[in-house]
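Asker: Questions regarding the structure given below will be posed in turn.
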């Protein structure tokens, strides 16, 4: 199986060397075609490191994950391509486990899972993994999909389009599965997500909900309901800590709830602004008619 390799980067120099070394260790050299990296205006030594590992580096003109994925896809030539994010250490047996799912021609995407180096995030993820083990293989992707350690059938992704949202993967996942193709999540390939401390984890959550254009649970929640959840976050966090047997889970749950507060109001203001613009357009159109 000849594959092209893809990654998208932004100021990833701190973790990039071990990630690229692991890729070289896991994926046989003779199976690799193009090594495609799309960089989003890094100001550290990211680009230099990529070139030292013989990756071709292209600029991310649109920015964000959707810009990086689309630019990478433009340079893919092989029948299959692999994506590894800049902070994911591939499972050492990833090549032996994940690509075999592409033998089924109806499979468009196959992936493993990534478990965080952050203890609290790992607690939540192991709880999710426990539920996945009780789910049929074909159903697991509904509960766990990402683009951190995936292999794709190039023709299908090129025809349907890659990631559309700035950061959310759900629209891409739905696009693949709604057209009758399979997305396989294999929990036997467990890669490592290199993440920072609890505060970084909370900021990542806030950043996701700040950037995504997709409708989220925050958008369907009234203000009083949000503050009730915020007030009871220590209690709910404690329940998760007991479930996961990881004390830091409680603190992460509380920090995430606090970090989302400004995002909650930003998204509400954005919706109001969009609604006003829509009403204005309707009024202008009505008057012109």
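Throughout, read-outs are computed from the coordinates displayed, never taken from laboratory work. Here the structure is a predicted model, which means the values were calculated and not measured. Cβ placement follows ideal geometry from the backbone for every residue including glycine, while neighbour counts extend to all protein chains displayed.
Asker: Counting DSSP beta bridges with both partners in the chain, what percentage is antiparallel, nearest 5?
Answerer: 30
Asker: Please tell me the relative contact order of the range 3-193 in percent, rounded to the nearest whole number, where contacts are Cα pairs under 8 Å and at least six residues apart.
Answerer: 27
Asker: Please report 25, 75, 193 as a ranked list, fewest other C-beta atoms within 10 angstrom at the top and most at the bottom.
Answerer: 25, 75, 193
Asker: With the crude spin-label approximation of a point 7 Å out along Cα→Cβ, what separation in nm comes out for residue 41 versus residue 174?
Answerer: 3.0
Asker: Oh, and also: Can you tell which of 277, 136, 268 shows the greatest fluctuation in a Gaussian network model of the chain with Cα springs below 10 Å?
Answerer: 277
Asker: Comparing 122, 222, 153, which has the greatest mean-square fluctuation in the GNM of the chain with Cα pairs linked when under 10 Å apart?
Answerer: For the chain, modelled as a Gaussian network with Cα springs under 10 Å, the answer is 222.
Asker: Please compute the contact order of the range 198-288 in relative form: average sequence separation of alpha-carbon pairs under 8 Å and at least six residues apart, divided by the residue count, as a percent.
Answerer: Across the range 198-288, relative contact order equals 37 percent.
Asker: Quick one: if the Förster radius is 35 Å, what FRET efficiency do residue 218 and residue 1 give, using the C-beta to C-beta distance and rounding to 0.05?
Answerer: 0.25
Asker: If you don't mind, there's one more thing I want to ask. Per DSSP H run of at least 4 residues, take -39500 (n - 2.57); add these up for the chain, divide by its residues and hand me the 222 nm value, nearest 500 deg cm²/dmol.
Answerer: After summing the helix terms and dividing by the residues of the chain, the value is -15500 deg cm²/dmol.
Asker: Now, a different point. For the chain, what is Rg from Cα atoms divided by 2.2 N^0.38 Å, rounded to two decimals?
Answerer: So the chain has a normalised radius of gyration of 1.08.
Asker: Can you tell me how much longer the chain between residue 53 and residue 270 gets when fully stretched, taken as 0.36 nm per residue apart minus their C-alpha distance, in nm with one decimal?
Answerer: Value of the extension gain: 73.9 nm.
Asker: A follow-up question, please. Provide the FRET efficiency to the nearest 0.05 for the residue 74-residue 17 pair, computing r from the beta carbons and using R0 = 22 Å.
Answerer: 0.25
Asker: Rounded if a/c is under 1.5, else prolate if a/b is larger than b/c, else oblate: which is the range 40-191, with a ≥ b ≥ c the root eigenvalues of its Cα gyration tensor?
Answerer: Verdict is oblate for the range 40-191.
Asker: I would also like to ask the following. What nm distance separates the two modelled labels at residue 238 and residue 131, each placed 7 Å from Cα along Cα→Cβ?
Answerer: For the pair residue 238/residue 131, the computed spacing is 2.3 nm.
Asker: Here's a follow-up. At 0.36 nm per residue, minus the direct Cα-Cα distance, what do residue 100 and residue 158 gain on full extension? Give it in nm, one decimal, please.
Answerer: 18.8 nm
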